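Student: The structure is given below, and queries will be raised subsequently.
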Amino acid sequence: MAATALTPTTKPKAQGRTEGIQLLAAIVAVMWIVEVINTIDSNALDDDGIWARSVAHLWGILTAPFIHASFAHLIGNTIPFVFMGFFIALRGAARLALVTAVVIVLGGLGTWLIAPSGSKTIGASGVVFGYATYLLARGVFNRSILELLIGVIVGVVWGGALISSLAPQPHISWQGHLCGGIAGVIAAWALARRPVAREPAVPALPG
């Protein structure tokens with residue numbers, strides 16, 4: 001039976017994909033562990049979300065994506081989070097970590113700034129929107145046919161649900177969705193491959 005040997009180039013790529021998927025699984029596991037604790041504690045952790053323009057709760061930008069109002073809320077976010085996060089994780093753990101960090105910080109800060117006064121935002125839906133717009137935009141910035149195709153798949157599968165979630169609805173933070181989406185585009189732009197400038201050829205002088 002013939003065996004396919006891994007070249008030095010494919011080994012790091014395979015390892016990077018594995019590490020990316022492991023990080024994705026770890027993030028999801030943290031969300032579920034937090035929800036178990038939150039449920040046992042009568043949803044006391046809900047107060048650790050994003051409080052609009054409250055400087056005292058500014059740190060909630062970092063904790064809000066890991067907190068959910070119920071298991072139904074968590075399940076509704078976990079499915080698209082894993083679906084879209086998987087495509088990002090294929091680029092490695094570092095890429096997944098960077099995209100997630102940019103979306104959490106910038107998307108959360110935007111939500112903190114524009115959400116209604118006195119409102120509290122929790123849940124990973126803003127990150128889901130950030131993942132979606134990152135996948136939709138990165139192919140444009142990278143000029144990659146494969147990445148554009150992945151963006152099309154994301155748009156076909158989740159586009160309708162994502163767009164409808166931007167409409168104002170009771171108890172749903174469209175501000176978090178919008179700001180997460182904007183942050184995803186920023187992440188795609190910031191992490192895009194830049195063309196390497198070639199040095200002009202030096203003409204040979206006659207001897």
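The values are calculated or read from the model by the stated rules, or taken from the named source; none is laboratory data. Because the structure is a prediction, the values reported are computed rather than measured. With ideal geometry, Cβ positions are generated from the backbone for all residues, glycine too; neighbour counts draw on all protein chains shown.
Student: Could you list all residues from region 33-45 that are under 25 Å from Ala89 (Cβ atoms) and in contact with a His (Cβ under 9 Å, 6 or more places away or on another chain)?
Tutor: At the first step, the residues of region 33-45 found to be under 25 Å from Ala89 (Cβ atoms) are 33-36.
Val34, Glu35, listed by residue number.
Student: Just to confirm my filter: which helices (runs of 4 or more DSSP H) fall fully inside region 107-207 and include at least 1 residues that are modelled with pLDDT of 95 or more and within 26 Å of Asn38 (Cβ to Cβ)?
Tutor: On the way: elements: 108-114, 125-142, 145-164, 174-190.
Hits in region 107-207: 108-114, 125-142, 174-190.
Student: Cβ-Cβ distance below 6 Å, separation of 6 or more or different chains: which pairs start in region 41-61 with a residue that is closer than 21 Å to Trp174 by Cα and modelled with pLDDT of 95 or more and end on one that is charged (D, E, K, R) and in a helix (DSSP H, G or I)?
Tutor: Gly60/Asp48
Student: In region 90-133, what count of residues is obtained for those that are within 20 Å of Val157 (Cβ to Cβ) and among the charged types (D, E, K, R)?
Tutor: The total comes to 1.
Student: Turning to a different aspect of this structure: Out of all the residues in region 151-179, which are in contact with a Gly (Cβ under 7 Å, 6 or more places away or on another chain) and farther than 20 Å from Gly118 by Cα? Break it down stepwise before answering.
Tutor: As a first pass, look at region 151-179 and keep what is in contact with a Gly (Cβ under 7 Å, 6 or more places away or on another chain): 151, 176-177, 179.
Within region 151-179, Gly151 is the sole residue that qualifies.
Student: Let me ask another. Test of understanding: among Ala72, Ala97, Ala89, Ala101, which residue is more than 11 Å from the chain's Cα centre (by Cα) and either within 15 Å of Ala183 (Cβ to Cβ) or modelled with pLDDT of 95 or more (or both)? I'd like the intermediate steps shown before the answer.
Tutor: On the way: Ala97 fails: more than 11 Å from the chain's Cα centre (by Cα); Ala89 fails: more than 11 Å from the chain's Cα centre (by Cα); Ala101 fails: more than 11 Å from the chain's Cα centre (by Cα).
The unique qualifying residue is Ala72.
Student: How many residues, within region 49-62, are assigned to a helix (DSSP H, G or I) and surrounded by 18 or more Cβ atoms within 10 Å (Cβ to Cβ)? Steps first, answer last, please.
Tutor: From region 49-62, those assigned to a helix (DSSP H, G or I) are 55-57, 60-62; that's our starting set.
Narrowing further to those that are surrounded by 18 or more Cβ atoms within 10 Å (Cβ to Cβ): 57, 60-61.
Adding up the residues that qualify gives 3.
Student: Mind listing whichever residues of region 67-83 are in contact with a Gly (Cβ under 9 Å, 6 or more places away or on another chain) and either crowded, with 18+ Cβ neighbours inside 10 Å or not in a helix (DSSP H, G or I) (or both)?
Tutor: Ile67, His68, Ala69, Leu74, Asn77
Student: While we're here: Can you list residue pairs whose Cβ atoms sit under 9 Å apart, with the first residue in region 107-126 being surrounded by fewer than 21 Cβ atoms within 10 Å (Cβ to Cβ) and the second being of a type in the set (Asp, Glu) and assigned to a helix (DSSP H, G or I)? Count only pairs 6 or more apart in sequence or on different chains.
Tutor: Lys120/Asp46; Lys120/Asp47
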